[in-house]
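Working notes, beginning with the structure itself.
The values are calculated or read from the model by the stated rules, or taken from the named source; none is laboratory data. Worth saying up front: this structure is predicted, and the values here are computed from it rather than measured. Glycine gets a Cβ as well: all are built from the backbone with ideal geometry, and neighbour counts include every protein chain shown.
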């Protein structure tokens, strides 16, 4: 059985880019993008803006459940699964508890709020809406568990190297 590696952090933390590069560093790996499962809901999609409604929470929990099961399916087939999603606060522990595969690793990308805001401004999509970069930076830094990596000023290659060099520190019990 191959491992599952979870990459999380705020919007514009570099989750997609880092998760993709990390997956490509393994001989056989899949990049499981949690946000894809949200887009499968084509009508009645609940807002993820604060405060999160009961419908929003239910759809977010469903998205996380599908991503965890998908990661387990890849790992069972011998394919390293690198999961990328926003799993902050208690969501990270809830998610890794759903993942049956062991070893399972969790990495929290936690650049500064200024870095998040600059990265968000430089990309084609805008993620923050009702949220602020500072709120997300604080949430990432306060998320318990996993290997926390402050990627402020780091390249993707440096981030991936840091993750691989400290993967044991990211191990989920």
Counting only residues that are loosely packed, with under 13 Cβ neighbours inside 10 Å and either part of a loop (DSSP other than H, G, I, E, B) or in contact (Cβ under 8 Å) with a residue 24 or more places away in the chain (or both), region 32-42 contains a total of 3
Could you tell me whether region 106-127 includes any residue that is closer than 27 Å to residue 57 by Cα, in a loop (DSSP other than H, G, I, E, B), out of contact with any helix residue (DSSP H, G or I) (no Cβ under 7 Å at 6 or more places or on another chain) and modelled with pLDDT of 95 or more? yes
Out of everything in region 12-26 that is over 17 Å from residue 167 (Cβ atoms) and in contact with a helix residue (DSSP H, G or I) (Cβ under 6 Å, 6 or more places away or on another chain), what residue ends up being surrounded by the most Cβ atoms within 10 Å (Cβ to Cβ)? 12
Evaluation of residue 64 against (1) surrounded by 16 or more Cβ atoms within 10 Å (Cβ to Cβ); (2) out of contact with any strand residue (DSSP E or B) (no Cβ under 9 Å at 6 or more places or on another chain); (3) farther than 21 Å from residue 171 by Cβ (one fails), failing number: (3)
Would you mind finding the one in 13, 73, 2 that is on the phi < 0 side of the Ramachandran plot, more than 12 Å from the chain's Cα centre (by Cα) and either assigned to a loop (DSSP other than H, G, I, E, B) or modelled with pLDDT under 95 (or both)? 2
Just give me the residues in region 99-117 being out of contact with any strand residue (DSSP E or B) (no Cβ under 8 Å at 6 or more places or on another chain) and surrounded by 15 or more Cβ atoms within 10 Å (Cβ to Cβ), in sequence order. 112, 113, 115, 116, 117
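Rundown of residues vs (1) assigned to a loop (DSSP other than H, G, I, E, B); (2) touching a residue at least 60 places away in the same chain (Cβ under 8 Å), yes/no style:
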residue: 30; (1), (2): no, no
residue: 44; (1), (2): yes, no
residue: 51; (1), (2): yes, no
residue: 55; (1), (2): no, no
residue: 63; (1), (2): no, no
residue: 81; (1), (2): no, yes
Where residue 157 falls short, out of the listed (1) surrounded by 14 or more Cβ atoms within 10 Å (Cβ to Cβ); (2) under 17 Å from residue 16 (Cβ atoms): (1)
Answer yes if at least one residue in region 132-143 is part of a helix (DSSP H, G or I), exposed (fewer than 14 other Cβ atoms within 10 Å of the Cβ) and at pLDDT 95 or above, and no otherwise. yes
Options 75, 2, 71, 46: the member that is crowded, with 19+ Cβ neighbours inside 10 Å and either within 23 Å of residue 155 (Cβ to Cβ) or in contact with a helix residue (DSSP H, G or I) (Cβ under 8 Å, 6 or more places away or on another chain) (or both): 2
